[in-house]
1. Might you check whether a residue that is under 20 Å from P153 (Cα atoms), buried (at least 18 other Cβ atoms within 10 Å of the Cβ) and in contact (Cβ under 8 Å) with a residue 40 or more places away in the chain occurs anywhere in the range 30-38?
2. Only one residue in S44, S68 is over 22 Å from M130 (Cα atoms) and assigned by TED's automatic domain parsing to the domain that holds F150, so which one is that?
3. How many residues does the range 252-310 contain that are without any contact (Cβ under 8 Å) to a residue 60 or more places away in the chain and closer than 19 Å to P214 by Cα?
4. Only residues that are on the phi > 0 side of the Ramachandran plot and surrounded by fewer than 16 Cβ atoms within 10 Å (Cβ to Cβ): list them for the range 138-163, please.
5. So if I check each of R352, R403, R399, R328, which one is in the same structural domain as Q268 (by TED's automatic domain parsing) and in a loop (DSSP other than H, G, I, E, B)?
6. Could we say that V331 is surrounded by 18 or more Cβ atoms within 10 Å (Cβ to Cβ) and more than 8 Å from the ligand (Cβ to nearest atom) here?
7. In the range 258-319, which strands (runs of 3 or more DSSP E) lie fully inside it and hold 3 or more residues that are surrounded by 17 or more Cβ atoms within 10 Å (Cβ to Cβ)?
8. Within 13 Å of the ligand (Cβ to nearest atom) and at pLDDT below 95: is that true of K300 in this structure?
Amino acid sequence: MTIPLSTARILLVIGGGIAAYKALELIRRLRERGAAVQVVMTASAQAFITPLSAATLSGQPVRHELFSLTDEALIGHIELSRSADLVVVAPATANLLARMACGLADDLATTLLLATDKRVLVAPAMNVRMWLHPATRRNVERLEADGVAFVGPGEGPMACGEFGPGRMAEPAAIVDAIESALAKPGDSAVNPRGPLEGRRVIVTSGPTYEPIDPVRFIGNRSSGRQGHAIAQAAAGAGATVILVTGPVSLPDPPGMTVVHVESAREMQAAVAAAMPADAFIAVAAVADWRVDHVETEKIKKGGGGPRMLRLVENPDILAEVSKQTMLRPAVVIGFAAETEHVVDNANAKLHRKGCDLIIANSVAEGTTTFGGESNEVQVISAEGVESWPSMTKAAVAGRVIARLAAELAKRP
Ligand code: C5P
């Protein structure tokens with residue numbers, strides 16, 4: 001049974017990091033969606049934001065003392081930890097993760113986390129070196145084995161001036177992760193293998209090459225970075241992933257089946273062979289046309305006049321998968337690389353291709369979407385348009401997968 005966010009009770013533990021300010025935005029978004037939010041702040045969180053701000057946004061007094069007679073008289077800390085549907089820790093600092101991993105209970109936040117019998121979702125935020133330190137790696141592994149779920153961290157420039165993984169997930173991504181964690185509230189812990197465990201996901205990535213003759217082809221500038229990052233995020237979330245990729249210079253991501261193809265028709269056949277699936281994510285930049293007649297010998301130059309190539313349309317793999325009646329995956333996601341009228345064109349594509357979500361980005365001159373490290377996308381669904389800020393392709397992938405998990409959780 002899924003608990004809808006509109007009736008959910010969220011116990012939000014705010015740790016002491018610069019990302020604490022984003023926790024205020026998280027409270028606002030959760031309240032907007034109808035959730036009740038009870039905030040608990042650690043002592044160091046109060047060095048970054050005030051309990052008054054959190055209380056005003058949540059509409060409830062903020063708890064921060066373990067031994068407060070007045071607070072305890074209102075609702076005891078054990079009851080507080082058990083009356084929530086989900087406990088969310090955002091931001092979770094390296095110190096807070098370490099205390100959770102050891103089972104310490106030396107303040108209200110950690111006592112609640114030890115006493116709760118509900119699912120726990122954490123959004124880590126810390127300096128990149130702290131996140132990559134073997135001690136933090138050990139703590140994260142231990143917490144994951146205990147059934148704690150993670151959202152983020154993302155990659156990007158950090159408040160400390162460094163760059164790398166450690167930035168707290170954006171509030172919208174945390175809300176998505178909360179929705180998917182609320183999907184199976186009967187479980188005592190969040191699925192330790194990830195929110196896509198038991199799901200089969202097919203991802204297409206890279207360009208296609210359409211042969212002209214044995215040595216020449218028509219291709220495009222897709223690097224495969226975004227598609228590969230999505231496949232990797234899906235595998236990281238516990239899914240069984242089949243990545244069907246056109247020619248790219250990236251290594252095969254670990255932990256999945258990778259099928260290498262060249263042309264659109266080979267990609268179409270590989271996708272058909274990989275079906276059925278719970279989700280299909282079409283990230284590949286599939287060539288719209290192929291050469292009607294592929295020469296068996298290398299075409300020689302000369303012969304005067306212009307050389308004509310007759311092009312015929314390729315099958316639209318995404319539309320075909322979306323429009324299947326028997327085997328349609330529960331969630332079908334497409335990408336739209338546009339040079340103009342990004343949202344209008346993507347909206348039209350959503351309807352024409354019959355998919356559930358379109359992730360649209362601009363590949364106009366001056367953008368670095370093709371081949372670059374980062375991406376700025378708009379997410380178009382029947383519910384409307386959401387603009388995500390510019391972020392790394394790995395961060396976009398993490399958010400797409402959190403969104404996929406939330407969408408799958410909504411379906412029976
Ligand atoms: O129509 P357009 O190529 O802009 O659509 C982009 C979306 O459709 C992407 O998700 C792409 O992977 C998918 N597509 C496909 N087969 C095609 C063309 C596009 O799956 N032949």
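The values are calculated or read from the model by the stated rules, or taken from the named source; none is laboratory data. Every value quoted in this text rests on a predicted model; they were computed, and no experiment measured them. Methodologically, a virtual Cβ is constructed for each residue, glycine included, from the backbone with ideal geometry; neighbour enumeration extends over all protein chains shown.
1. Going through the range 30-38, the residues under 20 Å from P153 (Cα atoms) turn out to be 30.
Next cut, buried (at least 18 other Cβ atoms within 10 Å of the Cβ) only: 30.
Subset that is in contact (Cβ under 8 Å) with a residue 40 or more places away in the chain: 30.
Yes - at least one qualifying residue is present in the range 30-38.
2. Details: S44 fails: over 22 Å from M130 (Cα atoms).
The unique qualifying residue is S68.
3. Initially, the range 252-310 is screened for residues without any contact (Cβ under 8 Å) to a residue 60 or more places away in the chain, giving 252-266, 268-270, 272-273, 288, 292-293, 300-308, 310.
Next, from what is left, pick out any that are closer than 19 Å to P214 by Cα: 260-266, 292-293, 300-302, 307-308, 310.
Number of matching residues: 15.
4. So the first thing to find is which residues in the range 138-163 are on the phi > 0 side of the Ramachandran plot, and the list is 147, 152, 156, 161.
Within the range 138-163, G147, G161 meet the criteria.
5. Working: R352 fails: in a loop (DSSP other than H, G, I, E, B); R403 fails: in a loop (DSSP other than H, G, I, E, B); R399 fails: in a loop (DSSP other than H, G, I, E, B).
Within the list R352, R403, R399, R328, the selection yields R328.
6. Working: surrounded by 18 or more Cβ atoms within 10 Å (Cβ to Cβ): yes; more than 8 Å from the ligand (Cβ to nearest atom): yes.
Criteria met by V331.
7. Numbers: elements: 279-282, 289-291, 311-313.
Output list reads 279-282.
8. On the way: within 13 Å of the ligand (Cβ to nearest atom): no; at pLDDT below 95: yes.
No, not satisfied.
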